[in-house]
1. Tilt of helix 29-41 relative to the longest C-alpha principal axis of the chain, in degrees (0 to 90, nearest 10)?
2. Quick check: pseudo-label points 7 Å beyond the Cα along Cα→Cβ at Thr272 and Arg154, how many nm apart are they?
3. Which angle between 0 and 90 degrees, to the nearest 10, do you get for helix 60-70 versus the longest principal axis of the chain when only C-alpha atoms count?
4. For the chain, modelled as a Gaussian network with Cα springs under 10 Å, which listed residue fluctuates most, Met213, Met170, Met237?
5. Based on the alpha-carbon set only, what is the convex hull volume of the range 5-70 divided per residue, in Å³?
6. Set Lys and Arg Cβ to +1 and Asp and Glu Cβ to -1, take the dipole of the range 1-94 about its Cα centre, and tell me which of Met70, Ser19, Leu47 lies farthest positive.
7. Between the helical axis of 223-235 and the dominant principal axis of the chain, each derived from Cα atoms, what acute angle in degrees is found, rounded to the nearest 10?
8. In whole Hz and in residue order, list the ³J(HN,Hα) couplings for the range 192-199 that follow from phi through the Karplus curve 6.51 cos²θ - 1.76 cosθ + 1.60, θ = phi - 60°; x for Gly and Pro.
Amino acid sequence: MGCSDSDYAYLRQLVLAESANLIDPSRNALFETRLTPIARMAGAASLEDFVSLLRVDRTPQLHRAVAEAMTINETSFFRDGKPFDALRETILPRLIENNAAERRLRIWSAASSTGQEAYSIAMLICEHFAELAGWDVKILGTDLSRQVIEYAQRGRYRRMEVNRGLPARMLVKYLVRDGDEWEVTPNLQAMCSFQYANLCAPLPKLPVFDLVMLRNVLLYFPQQDRSCVFSDVYRQMAPGGYLMLGAAEQAEDSTNLFQAEFARDCYFYRPTPGS
């Protein structure tokens, strides 16, 4: 006997409460795939037994582990190329001009998963903006899953991962082969750091960012949580900063906070002054 509809409903509610990740009932089978290893570690013989355990055991770490396992960690290097064209041709040149006096740049890869987005931005900067070599440039990746944060901090990727989106020329220039893995070069690792943050909880102390990459995560959030995230992101942004969303996402919940611009077949957003 497998999980009942009420068991799946309980799991969906638990994940929603912990991470604001709204899982459609049509994807119930994912619970079996992703939670079975955690269920075994918790001593449960089946997913059904694990749900029974979760209902009585309110251990925060166990509930958080469930939410982290169900978080979508799909990513690749230079994912959805158009935003990177916009960064190279429009956004980064403007930020360099705006920040020329302090020679400082802060970039946030929110929901950074296993780190490919952060490292892709670092590669883009090294490849096309030699003038930033003497600047104080820091890229911070945050994610709900501690497991993927640890993965990103290692900066080591399997062949399948480097083959997704990374041109061969950049692979050999910015990663070093070590056995069956490729390791990001020390100069890129020095630019990038990673830490835990839940976008739907009070954020840890973060710097003010010139650029925020918040791509392909809001799709899974209910509207109320999206509005809260936009407000938090707005407060973390420099007045002349830029926000980049995923191709299927819009800042429609926060039209008073952000103004849309368009370049290189790509929308991006500027904080509305004084909102």
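1. 80 degrees
2. For the pair Thr272/Arg154, the computed spacing is 4.5 nm.
3. It works out to around 70 degrees.
4. In this elastic network of the chain, the residue with the biggest mean-square fluctuation among Met213, Met170, Met237 is Met170.
5. Dividing the Cα hull volume of the range 5-70 by its residue count gives 72 Å³.
6. Value computed over the given set: Ser19.
7. Roughly 40 degrees, rounded to the nearest 10.
8. The phi angles translate into 10, 9, 9, 8, 6, 7, 9, 5 Hz.
No lab work stands behind these numbers, since they all come straight from the coordinates. Keep in mind it's a predicted model, so treat the numbers as computed, not measured. Positions of Cβ are backbone-derived with ideal geometry, glycine not excepted, and every protein chain shown enters the neighbour counts.
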